Every structure is written in structure tokens, then in C-alpha cells.
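Q: Please see the structure below; I have some questions.
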Amino acid sequence: MNTAATPRISIIGAGPGGLTCARILQKHGIDVSVYDRDRGADARNQGGSLDLHADDGQLALREAGLIEQFWELARPEGQQMRRWDTAGNILLDQSPDEDDLYKPEIDRGQLRDLLLGSLAPGTVQWDRALASVAGPPDGPRILHFTDGTSVETDLVIGADGAFSRVRPAVSAAVPHYAGVTFTEAWFDDVDNRHADLSALVGNGSATASDGERALFAQRNGGGHIRVYIIRRALSDWITAAGLTADDTAGIRAHLLDEFVGWAPGMQQMISNNDGPYVNRPLFVLPAPHTWDHVPTVTLLGDAAHLMPPIGVGVNLAMLDAHDLALALATHPTVGEAVRAYERTMLPRSTDLAEALAGAADFLVDVDEEPDGADEARALHQKLKERNEVDGT
């Protein structure tokens with residue numbers, strides 16, 4: 001990049017994608033600022049466990065110079081996958097080979113801390129919630145924050161998730177509810193306090209479904225398990241049921257009524273949780289989601305391509321971050337870098353999104369995968385190999 005006039009680069013969102021992009025940029029000597037709406041790094045729980053794949057998430061961490069630190073935290077044994085029936089019988093139990101390091105697990109919070117700790121002090125500015133992006137398409141752009149402050153910048157990178165405040169600067173698309181909701185339940189100190197659940201889940205993840213609803217349990221680090229109670233439901237089902245988000249007992253009773261007929265050992269994943277439930281309706285962007293090139297704004301991760309979860313979301317965001325940061329490091333201008341990045345990212349995400357369009361129902365289907373899931377993964381790998389051949 002031409003350093004005679006160093007561009008001002010602003011990333012909105014301090015999730016894995018935004019932080020990975022910032023780290024790789026700094027590793028290449030490029031200044032960057034990250035703005036996040038959270039009050040601080042520890043303002044909220046960062047969520048469950050992630051499997052980082054060798055050909056995208058791990059690839060990005062390698063470019064970031066963090067792969068050795070990642071292996072100190074990763075849990076290869078977390079690749080174990082079980083499938084039960086509704087009586088709790090194990091139908092499938094796949095354990096990784098001893099040398100299988102393709103997609104080890106790491107807690108999302110650990111990954112975020114790893115990335116945050118790698119950045120120059122002051123890179124992330126907390127409690128800066130973006131309100132809008134203004135200014136002409138050719139720049140400079142003005143970031144307006146909800147606290148009344150503003151910042152002038154030459155490139156805005158939207159890494160701010162499903163309901164991105166950057167997206168409207170390039171696209172009119174808005175997420176829509178996919179008809180499936182996740183209700184999250186947490187279990188702590190599981191080996192001592194929830195030994196039956198610990199044995200049922202194993203070292204990794206396990207799932208069961210009856211065609212209308214499902215349970216997905218995931219072991220996290222530090223003796224924790226998260227269970228995702230997955231159902232076809234209204235996006236505001238709690239309110240529709242006459243309940244409130246803090247009515248743990250009422251939500252528990254409602255959910256148990258929906259899972260009547262499931263074995264008591266399975267129902268414990270609904271009834272024995274520690275603390276409140278967290279409701280997470282599943283939203284997706286229209287497929288395909290593309291936009292006309294704008295030299296001063298681009299998107300990565302869920303801001304660019306919000307799809308049903310099949311295990312590629314964070315990996316794809318980190319691959320986006322990898323590609324964008326390297327484009328900025330190797331092209332003479334920001335506009336050329338953004339164009340080169342989008343030339344790779346948009347076809348990749350379009351093919352994946354179209355393969356998964358309308359596939360959210362697979363999360364509660366009895367079959368383990370939707371028809372489009374394997375196709376989407378194959379497309380992901382094919383596109384990556386094509387990009388490597390092309391040198392993009």
C-alpha cells in the first residue's frame with residue numbers, strides 16, 4: 001500500500017473477524033482502529049465453543065502469528081460428536097484420531113482474549129456504538145457514534161454482525177427471521193454438579209432431534225456445558241406465551257411441556273440449568289447478498305453473509321479478515337484492495353448462502369445434516385483451492 005498518504009482504517013466490531021483483521025494489518029505495519037459498542041472486554045459473556053478449521057480459522061491465526069498460542073488453548077478432543085435419540089440412546093459416537101487437528105475447539109472468549117492481547121495498546125476503543133456512516137462514496141467517511149462523537153476515516157470495515165450499522169452504507173438488505181430459535185442453557189462445574197449430563201455429552205458436542213425440536217449440547221472449557229434448545233417458534237415466543245425473559249421458572253415449564261415424551265435424562269438439559277435462559281432467534285440475510293463496489297466501505301463475517309449455522313460462520317469471518325487484511329497490505333490503494341477482496345469474498349459467500357438458502361429447518365430435522373450442508377462445505381473448500389491457484 002502507498003504509505004505516502006497513510007489511510008485511516010476503521011473496523012466496527014471487536015469480534016473474531018474484526019480483531020483478526022486488525023491483528024494481521026498491524027503485523028504488516030498498517031495502523032487501524034477498532035470500535036466496539038461493549039463497555040469493555042469483559043462486558044458480556046462471549047458465547048460458547050468454536051471449532052477452528054485448518055483451512056480458514058487456523059489459516060488466519062497462522063498469518064496473524066498466533067497459531068502457537070492457539071494450540072496452547074485448543075481442545076482437539078472437543079471434536080468428538082455424538083448423536084442421541086429422544087430416549088438418550090447413543091446412535092452415533094465419532095471421536096477424533098489422536099493426531100486429528102483439523103477442527104479443534106476453543107472457547108469464544110479465549111479466542112477473543114488471544115486476539116485482543118495481540119493488538120497494540122489502544123487499538124480497541126470500547127463503548128463506541130456506531131449510529132451511522134456518512135460522507136461521500138469516495139471518502140472521507142464520517143463515523144457517527146451514539147454518544148454524539150464522530151470520527152473521519154478513509155475505510156470502514158463492517159465486522160459488526162447480523163444487525164450491522166455499517167451494512168446500510170453499501171446494501172439495503174436486512175436480516176429476516178428464519179423460523180427457528182435457539183434457547184441457551186448453561187451448566188457449570190459439570191463433572192461434579194451435573195455428572196450424568198457430563199457423561200452423556202462426552203468431550204465434544206452431542207445432539208438429538210424429533211423433527212420438530214432438538215437439543216444440542218456443547219462442552220466448553222473450564223468444566224462448562226452449554227445446551228441449545230432448538231425449536232420452530234415465533235421470534236417473540238416468550239412474550240406470546242405471556243412470559244418475560246427473566247421468568248426462568250415459567251420458561252422452563254413451557255419448554256418442558258414442548259419436550260414432553262423425551263426421556264428424563266434428556267429433559268435434564270432443559271430443567272437443571274444454572275442461571276437464566278438466553279433466547280437467540282436465528283436470523284439470516286437474503287441469498288445471495290451482494291453489493292456494488294464502494295471504495296471506502298466493505299463488510300466481513302455475518303455483516304456480509306449471515307447464514308444458518310453449519311460450523312463455518314466464525315471460520316468464514318476469519319478467512320474474510322485474512323483476505324481483506326492481505327489485500328490491504330499488498331495493493332497500492334484502499335479502493336483496489338477492497339475490490340480485490342470482494343472479488344474473492346462475494347462469490348464465495350454467495351455460493352455458500354445459496355446452497356443453504358431455506359435450510360434452517362435442518363437444525364430440528366431428524367437427519368443429521370441438510371442436503372445443502374455438505375454441498376456448502378465442499379463449495380467452501382473448492383473456492384479456497386481455486387483462490388490459492390489464482391493467487392488471490
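The values are calculated or read from the model by the stated rules, or taken from the named source; none is laboratory data. Keep in mind the model is a prediction, meaning the values are calculated, not measured. In this analysis, Cβ positions are derived from the backbone assuming ideal geometry, glycine residues included, and neighbour counts consider all displayed protein chains.
Q: So which of L91, L116 is under 29 Å from I225 (Cβ atoms), out of contact with any Pro (no Cβ under 8 Å at 6 or more places or on another chain), modelled with pLDDT under 95 and not hydroxyl-bearing (S, T, Y)? Steps first, answer last, please.
A: Details: L116 fails: modelled with pLDDT under 95.
Every option except L91 fails the conditions.
Q: Related question: In the set A54, A41, A87, which member is within 18 Å of the chain's Cα centre (by Cα), part of a loop (DSSP other than H, G, I, E, B) and either closer than 24 Å to P121 by Cα or not assigned by TED's automatic domain parsing to the domain that holds V334 (or both)?
A: Working: A54 fails: either closer than 24 Å to P121 by Cα or not assigned by TED's automatic domain parsing to the domain that holds V334 (or both); A87 fails: within 18 Å of the chain's Cα centre (by Cα).
Every option except A41 fails the conditions.
Q: Let me ask something else. Could you check region 273-301 and list, in sequence order, the residues that are assigned by TED's automatic domain parsing to the domain that holds D189 and of a type in the set (S, T, Y)?
A: Once the filter is applied, which keeps residues that are assigned by TED's automatic domain parsing to the domain that holds D189 and of a type in the set (S, T, Y), region 273-301 yields only Y277.
Q: Give me a count of the residues in region 220-264 that are without any contact (Cβ under 8 Å) to a residue 12 or more places away in the chain, in a helix (DSSP H, G or I) and over 21 Å from D274 (Cβ atoms).
A: 3
Q: Here's another thing I want to ask about it. Test G78 against the criterion of being in a helix (DSSP H, G or I) and at pLDDT below 95, and give yes or no. Lay out the reasoning, then the answer.
A: Numbers: in a helix (DSSP H, G or I): yes; at pLDDT below 95: yes.
Considered against the rule, which asks whether it is in a helix (DSSP H, G or I) and at pLDDT below 95, G78 comes out as yes.
Q: Residue under question is V180, and the condition is that it be in a strand (DSSP E or B) and surrounded by 19 or more Cβ atoms within 10 Å (Cβ to Cβ); does it hold? Working first, answer last.
A: Numbers: in a strand (DSSP E or B): yes; surrounded by 19 or more Cβ atoms within 10 Å (Cβ to Cβ): yes.
Considered against the rule, which asks whether it is in a strand (DSSP E or B) and surrounded by 19 or more Cβ atoms within 10 Å (Cβ to Cβ), V180 comes out as yes.
To keep it simple, each residue is scored yes or no on (1) over 19 Å from the mean Cα position of the chain (by Cα); (2) in contact (Cβ under 8 Å) with a residue 60 or more places away in the chain.
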position: S95; (1), (2): yes, yes
position: D100; (1), (2): yes, no
position: L115; (1), (2): no, yes
position: A120; (1), (2): yes, yes
position: T123; (1), (2): yes, yes
position: L130; (1), (2): yes, yes
position: G135; (1), (2): yes, yes
position: A169; (1), (2): yes, yes
position: A178; (1), (2): no, yes
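Q: Residue under question is G211, and the condition is that it be more than 30 Å from A325 (Cβ to Cβ) and in a strand (DSSP E or B); does it hold?
A: Numbers: more than 30 Å from A325 (Cβ to Cβ): yes; in a strand (DSSP E or B): no.
Here the answer is no, as G211 does not meet what is asked.
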